[in-house]
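Structure record follows, encoded as structure tokens.
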Amino acid sequence: MKNRLLYFLLFWIFLVFISPIGVTAMDKKLPISRGVNMGNALEAPIEGQWGVIIRDEYFRLIKDAGFDHVRIPIRWSAHADTKSPYTIETSFFNRVDHVVNEALKNGLYVILNIHHYEEMMQRPEQHKERFLKIWEQLSIHYKDYPETLWFELLNEPCNYLNSKLWNQYLKEAISIIRRTNPKRKIIVGPTDWNSVYKLNELEIPNDPNLVVTFHYYNPFQFTHQGAEWVNPSPSVGTKWLGTAIEKFIISGELDMAVEWSKKHNNVPLFLGEFGAYSKADMDSRVRWTSYVARSAEQRNIAWCYWEFCAGFGIYDPYREEWRTPLLKALILTKDK
Ligand code: BGC
């Protein structure tokens, strides 16, 4: 009898207190999980200047390989007037529309962002109005697109765009977007190049369709060895062996993001960029990539690899073939 009473009580405790926690977490699971960045193309000053022009057939390849989304970095600031009302060039809109449509047509979710708005990182106050006006134009332009198109406010806020300013700007950008896109997913991330260590300074409005992003390139000496755009560039030769301590650091940093999300109404997390540059040895890149991807998956964090076919690329555009070890490190389920 005593036992039955105990079971009965336990059952009710589970039903009332524990199962809703599970339900909440499930409810917040994103419809995307694995993606790739179409880097070095539309965020170059002019598409092609950094060696990549997005070809329509890439999206079929990406979908068939097992990815469910692409993130398309875009340098709108190079194609918008510098004077009010900061009109975006029609020809550039046409090009972006074409790329977005091709990706959507292939059943991929698409994340469209503002990327490399470098002037804004140097002089945020001067560029705030232009930033907001660009979002106003984008939100009107894409308002009738399917819900599988998502917006990401700004890649890697950094330098003079500090958390105090950014928290203010992001709220204003979200309310502008919400006038025309009441339910579209909007992604937003912290300062210091979307650092996990700056999540604790990020303030987001109460909106059920927000997703919080962060980027992950640690250890930086490993992932950015020989990177020409980093000054000073970390020397080449650092390996990532997957030792207990190396794994412990990565797990701990991902856990920080999860902890932050738990304290913020379980807002879904998106690891919008991670990758290791081609100057690192392939075995280490494979180990690191696989460890980060699996660790994110275990924590229910959607991820998007940096990037498709340039310096970090998983696809060789000249040979027109996948870099199989890297693809396998990302996507386990398909036999490539
Ligand atoms: C930048 C890229 C860079 C990558 C890795 C991205 O956010 O936009 O230019 O290659 O990070 O450093």
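The values are calculated or read from the model by the stated rules, or taken from the named source; none is laboratory data. Note that the coordinates shown come from a computational prediction; the quantities given were computed from them, not determined experimentally. Note that we place each Cβ from the backbone using ideal geometry, even for glycine, and neighbour counts take in every protein chain shown. Heavy atoms of the whole protein, side chains included, go into the accessibility calculation; ligands, DNA and RNA do not. Shrake-Rupley method; radii C 1.70, N 1.55, O 1.52, S 1.80 Å.
Among the residues of region 164-196, which ones are in a loop (DSSP other than H, G, I, E, B) and either open to solvent by 20 Å² or more (accessible area, probe 1.4 Å) or among the charged types (D, E, K, R) (or both)? Hits for region 164-196 are P182, K183, R184, K185, S195.
Only residues that are among the polar types (S, T, N, Q) and surrounded by fewer than 16 Cβ atoms within 10 Å (Cβ to Cβ) were counted in region 247-265, giving 2.
So, A310, is that one within 16 Å of the ligand (Cβ to nearest atom) and open to solvent by 10 Å² or more (accessible area, probe 1.4 Å) or not? Yes; evaluated as a whole, the condition is true for this residue. Annotation note: of L161, L199, the sole residue that is crowded, with 19+ Cβ neighbours inside 10 Å and part of a helix (DSSP H, G or I) is L199.
Would you say L254 is away from the ligand (no atom under 13 Å from the Cβ) and either more than 30 Å from Q137 (Cβ to Cβ) or in contact (Cβ under 8 Å) with a residue 40 or more places away in the chain (or both)? Considered against the rule, which asks whether it is away from the ligand (no atom under 13 Å from the Cβ) and either more than 30 Å from Q137 (Cβ to Cβ) or in contact (Cβ under 8 Å) with a residue 40 or more places away in the chain (or both), L254 comes out as yes.
Yes/no per residue for (1) at pLDDT below 95; (2) more than 16 Å from the ligand (Cβ to nearest atom); (3) surrounded by fewer than 20 Cβ atoms within 10 Å (Cβ to Cβ); (4) closer than 23 Å to G237 by Cβ:
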{"residue": "Y277", "(1), (2), (3), (4)": "no, no, no, yes"}
{"residue": "W288", "(1), (2), (3), (4)": "no, no, no, yes"}
{"residue": "Q298", "(1), (2), (3), (4)": "no, yes, yes, no"}
{"residue": "I301", "(1), (2), (3), (4)": "no, yes, no, no"}
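Give me the pairs: first residue in region 147-174 and under 30 Å from D68 (Cβ atoms) and within 16 Å of the ligand (Cβ to nearest atom), second residue open to solvent by less than 10 Å² (accessible area, probe 1.4 Å) and in a strand (DSSP E or B), beta-carbon distance under 6 Å, and six or more apart or on different chains, which are they? Qualifying pairs under 6 Å: E152/I111; E152/N113; E152/I187; L153/V188; N155/N113. Can you find, within region 297-336, the residue that is farthest from M256 (Cα to Cα) among those that are in contact (Cβ under 8 Å) with a residue 60 or more places away in the chain and among the aliphatic types (A, V, I, L, M)? The selected residue is A310. Taking the conditions (1) at positive phi; (2) touching a Cys at 6+ places or on another chain (Cβ under 7 Å) in turn, E320 satisfies each one other than (2).
Exactly one residue out of C304, C309 is under 21 Å from the mean Cα position of the chain (by Cα) and over 21 Å from Y197 (Cβ atoms): that is C309.
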